[in-house]
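Enquirer: Pasting a structure below so you can have a look.
The values are calculated or read from the model by the stated rules, or taken from the named source; none is laboratory data. Bear in mind the structure is a predicted one, so any value in this text is a computation, not a measurement. Here the Cβ is made from the backbone with ideal geometry for all residues, glycine too, and neighbour counts use every protein chain on show.
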């Protein structure tokens, strides 16, 4: 059965950076001229605001910060969904967490997007959500695939034990959800060398 497009005219952005709301309004308006965007600086103010009417929004965009834990994020989502009548939900995150991707269905997350993604990527997320489809941005999808790769490599009986210390360090950091740029910074290693190791891991896994 083909998915039916959902109306995402009313958007609530919850983020501690006000300019985010204006940027998202501009991005969404290019796809839907009827979009209106409301803004709250944090989840507490959104939940307690007397001016925000329950079930008044089609899409919630939540800015996720590095200090937000899996537990706090889960509670945040439950409270917001309950308060606003279970609208669509996009997480607009500044850091990657593999558990978010693994729990998208359980937590009813419709899109998981990095703050640094292009306008086109944000529009892709909006379009997919409107078609009732889940969406993971290209950056997070790549990081999650790398995480799955490292998890498989570190299983008992795998080739992890025979790896060199630099290779082990890269895999361990990937398992912690670090991106390529961050790993290069931590290990004081050129980015292209990190990519070279990742390509080698993938080739070995496919052998």
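Enquirer: When residues of region 18-31 are filtered for being surrounded by 16 or more Cβ atoms within 10 Å (Cβ to Cβ) and in contact (Cβ under 8 Å) with a residue 24 or more places away in the chain, how many remain?
Expert: 4
Enquirer: Also, quick follow-up: Taking region 89-113, which residues are surrounded by 21 or more Cβ atoms within 10 Å (Cβ to Cβ) and within 19 Å of residue 23 (Cβ to Cβ)?
Expert: 89, 90, 91, 92, 93, 111, 112, 113
Enquirer: Here's something else I'd like to know. Evaluate the following for residue 68: is it surrounded by 12 or more Cβ atoms within 10 Å (Cβ to Cβ), closer than 25 Å to residue 101 by Cα and at pLDDT 90 or above?
Expert: no
Enquirer: Ok, one more. Filter region 157-203 down to residues that are part of a loop (DSSP other than H, G, I, E, B) and either under 16 Å from residue 142 (Cα atoms) or at pLDDT below 80 (or both), then give me how many there are.
Expert: Selection size over region 157-203: 8.
Enquirer: Then there's this: So residue 13 ticks every box in (1) part of a loop (DSSP other than H, G, I, E, B); (2) more than 17 Å from residue 140 (Cβ to Cβ) but one. Which box is left unticked?
Expert: Every listed condition holds for residue 13 apart from (1).
Enquirer: Scan region 97-123 for residues that are in contact with a strand residue (DSSP E or B) (Cβ under 7 Å, 6 or more places away or on another chain) and either assigned to a helix (DSSP H, G or I) or farther than 16 Å from residue 59 by Cβ (or both) and jot them down.
Expert: Scanning region 97-123 gives 100, 101, 104, 114, 115, 121, 122.
Enquirer: Please go through region 40-65 and give me each residue that is in contact with a helix residue (DSSP H, G or I) (Cβ under 9 Å, 6 or more places away or on another chain) and either assigned to a helix (DSSP H, G or I) or surrounded by fewer than 18 Cβ atoms within 10 Å (Cβ to Cβ) (or both), ordered by number.
Expert: 41, 43, 46, 47, 52, 54, listed by residue number.
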